[in-house]
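Below is one structure; the comments refer to it alone.
The values are calculated or read from the model by the stated rules, or taken from the named source; none is laboratory data. These figures come from a predicted structure and were not determined experimentally. Here Cβ is always computed from backbone atoms with ideal geometry, including for glycine, and neighbour counts include all displayed protein chains. Just so you know, the surface numbers come from the protein's heavy atoms only, side chains and all, with ligands and any DNA or RNA stripped out. Shrake-Rupley method; radii C 1.70, N 1.55, O 1.52, S 1.80 Å.
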Amino acid sequence: MSSPEFASRAATRDADRLAAALATSAPTVETLPVRADLAALFPWGGLRRGGTVVVHRSTALLLALLAEATGAGSWGAVVGLPRVGVVAAAELGVRVERLALVPAPGAELGAVVAALLDGFDVVAVAAPRVADAVARRLSARARGRRAVLLSLGAWPGAEVELRSEGDRWWGLGPGHGHLRGRTALVRARGRGAATRPVQRFVTLQGESIPPHLTHSIIEHMFETSTTAEPGGDR
């Protein structure tokens, strides 16, 4: 074997050993599962334990993020959304026997959320305004308890922000048929590993759109109205 060839093979072996060492030494990211169409929005493929995620303008998307986690045995809580009940949550796939609802926490929102983060895997919060200092303390609490904090609306220091755009129902034909599903374009961006923007069409309710229908040309669809945060859609 010639010297250049030997050196090349030795360098390849060294590179392989270095890659293996880095892979085994890299910290493991613990996540809570999300549906497959939502997983692509997160660089870790799910909700990172200890992280804070913001959802803009869509209660349906917020609840959809809870579905797989509660189905896999995790416990979830929703705070500050009085119009969300067990029926609405169940329609979006949430295991309601593993869900706590706190519709009106009042002036004690910070204390309520902190207590829930101590015992629940994922806590979703909707509030017109949370002081930055309180929000950062709650994010730190989630980080320390390895819980996931979801906010419907702006939250300082969130690592991922999701924006739902153009919610649409599909399934109606010309004078016949029935609504079969609800889809939305979701855009994700954030900090650190989530810096690179990502966008995906996701199914919020009902059936997924068949492959032969494109998202840009779907007949007999109509958009739902949106309202200001934190309520978003219903």
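Look at Ala88 and say whether it is in a helix (DSSP H, G or I) and either surrounded by fewer than 16 Cβ atoms within 10 Å (Cβ to Cβ) or in contact with a Leu (Cβ under 6 Å, 6 or more places away or on another chain) (or both).
Judged against the criteria, Ala88 is not a match.
How many residues are touching a Pro at 6+ places or on another chain (Cβ under 9 Å), in a loop (DSSP other than H, G, I, E, B) and surrounded by fewer than 17 Cβ atoms within 10 Å (Cβ to Cβ) if we restrict to region 41-78?
Qualifying residue count for the region: 2.
Within region 47-80, how many residues turn out to be under 17 Å from Ala194 (Cα atoms), of a type outside the set (Val, Ile, Thr) and touching a helix residue (DSSP H, G or I) at 6+ places or on another chain (Cβ under 6 Å)?
Of the residues in region 47-80, 1 are under 17 Å from Ala194 (Cα atoms), of a type outside the set (Val, Ile, Thr) and touching a helix residue (DSSP H, G or I) at 6+ places or on another chain (Cβ under 6 Å).
Could you identify the single residue in Ala124, Ala135 that is part of a helix (DSSP H, G or I), surrounded by 22 or more Cβ atoms within 10 Å (Cβ to Cβ) and at pLDDT 95 or above?
Details: Ala124 fails: part of a helix (DSSP H, G or I).
Residue meeting the stated conditions: Ala135.
Check Leu81, Leu38 and return the single one that is open to solvent by less than 40 Å² (accessible area, probe 1.4 Å), in contact (Cβ under 8 Å) with a residue 60 or more places away in the chain and outside any loop (DSSP other than H, G, I, E, B).
On the way: Leu81 fails: outside any loop (DSSP other than H, G, I, E, B).
Residue meeting the stated conditions: Leu38.
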